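The values are calculated or read from the model by the stated rules, or taken from the named source; none is laboratory data. Source: prediction; values computed, not measured. For neighbour counting, all protein chains shown are included, and Cβ atoms are generated from backbone atoms with ideal geometry for every residue, glycine included. These accessible areas exclude ligands, DNA and RNA; they are computed on the full protein's heavy atoms, side chains included. Shrake-Rupley method; radii C 1.70, N 1.55, O 1.52, S 1.80 Å.
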Amino acid sequence: MSDSNTTDFTNPSTFILMGIPGLEAAHVWISIPFCTIYTIAILGNVSILFIVKIEPSLHGPIYYFLCMLSVTDLVLSTSTMPKMLNIFWFNSTEIDFSACLTQMYFIHCFSAMESGILVAMALDRYVAICHPLRHSTILTNSVVAKIGLAMVLRSSILAFPYPFLARCWPYCRTNIIPHSYCEHIAVVNLACADTRLSSYYGLFILFSVICLDVFFYHRVIYPDPQGHLQPPHKGCPTQDFWDLRLPPLCHLGFLHSRFLLFHHTSVWPQCALAFPHSHGQCVPFGAPLVTPYHLWCEDQTDPGK
């Protein structure tokens with residue numbers, strides 16, 4: 001190990017990303033599925049954006065939200081995967097300190113943004129199911145734009161302190177990060193100071209995002225006085241309601257489970273060991289996976305049928 005990795009310093013110019021600790025010899029083989037998934041995700045998300053752009057019949061709220069989800073997937077995966085593949089293929093483990101903090105911001109910002117967009121898509125389906133004749137007047141283009149802007153502002157503001165908190169700590173232990181990317185807790189754990197502020201803020205963001213999203217889902221699917229989940233409107237057929245609500249609810253549950261492991265890797269360390277490294281690969285499939293589902297939803301909720 002070089003001296004530069006262990007010498008005391010307060011403002012490191014670079015960090016060293018280890019890739020997947022303990023599996024360095026297999027990095028080339030590990031890169032094959034990662035690269036394949038990333039390529040498919042890029043092609044899938046770009047195809048969604050292209051098709052929605054050229055097809056006028058898809059210029060509606062649900063497809064605008066789907067495009068937002070595709071852009072989120074593209075940015076989130078591209079912020080991690082190119083560097084990961086450089087590590088796996090060329091052993092290019094160094095990353096500039098500022099680039100590391102930038103990557104950290106994009107990861108946390110767009111993770112929260114994706115969760116919010118899924119909630120917005122759930123709202124769209126609720127209106128389409130329970131108020132089909134008023135769908136186009138409730139979710140106008142301006143309302144969709146405002147919802148999208150709110151999701152961007154929420155995630156941008158919540159993630160904004162992450163890089164500044166990480167930059168303010170003195171780093172005097174090592175600059176080796178046992179990950180494939182710059183994860184917030186992994187970076188601040190290298191600091192030789194009391195970093196509880198960063199840890200508390202990370203937990204605050206984690207639970208505020210989850211609780212806020214669950215609250216909005218609760219406004220769509222909420223328990224009756226006996227505790228049974230029912231459609232919130234008498235004109236909303238129960239079977240249609242659950243057929244169209246349950247898949248995104250399960251998807252959001254998976255997203256929040258990943259979000260929990262990703263933001264607090266000391267929870268269930270056996271799972272977290274593998275989960276953070278697949279973070280940038282699981283997420284890009286968000287839009288391509290939900291596209292067939294929403295195409296089916298459109299067919300089921302078309303008032304003309």
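Kindly indicate whether any position in the stretch 129-146 is touching a residue at least 60 places away in the same chain (Cβ under 8 Å) and within 30 Å of residue 23 (Cβ to Cβ).
For the stretch 129-146, residues touching a residue at least 60 places away in the same chain (Cβ under 8 Å) and within 30 Å of residue 23 (Cβ to Cβ): absent.
Could you tell me how many of the residues in the stretch 58-95 are charged (D, E, K, R) and open to solvent by 30 Å² or more (accessible area, probe 1.4 Å)?
Number of matching residues: 2.
Does any residue of the stretch 13-28 turn out to be modelled with pLDDT of 90 or more, in a helix (DSSP H, G or I) and open to solvent by 50 Å² or more (accessible area, probe 1.4 Å)?
For the stretch 13-28, residues modelled with pLDDT of 90 or more, in a helix (DSSP H, G or I) and open to solvent by 50 Å² or more (accessible area, probe 1.4 Å): present.
Quick check: is even one residue across the stretch 115-122 at negative phi and at pLDDT 90 or above? Explain how you work it out, then say what you get.
Our first condition is that a residue be at negative phi; within the stretch 115-122, this holds for 115-122.
From the residues that got through so far, the ones that are at pLDDT 90 or above too are none.
No: zero hits.
Count, please, the residues in the stretch 29-52 that happen to be surrounded by 12 or more Cβ atoms within 10 Å (Cβ to Cβ) and closer than 30 Å to residue 136 by Cβ.
Summing the residues that are surrounded by 12 or more Cβ atoms within 10 Å (Cβ to Cβ) and closer than 30 Å to residue 136 by Cβ in the stretch 29-52 gives 8.
Can you tell me which condition residue 39 does not meet? The list is (1) in a helix (DSSP H, G or I); (2) at pLDDT 90 or above; (3) touching a helix residue (DSSP H, G or I) at 6+ places or on another chain (Cβ under 9 Å), and all the others hold.
Going through (1) in a helix (DSSP H, G or I); (2) at pLDDT 90 or above; (3) touching a helix residue (DSSP H, G or I) at 6+ places or on another chain (Cβ under 9 Å) one by one, residue 39 breaks only (3).
Here are 111, 136: which of them is assigned to a helix (DSSP H, G or I) and either touching a Lys or Arg at 6+ places or on another chain (Cβ under 7 Å) or closer than 30 Å to residue 177 by Cα (or both)?
111
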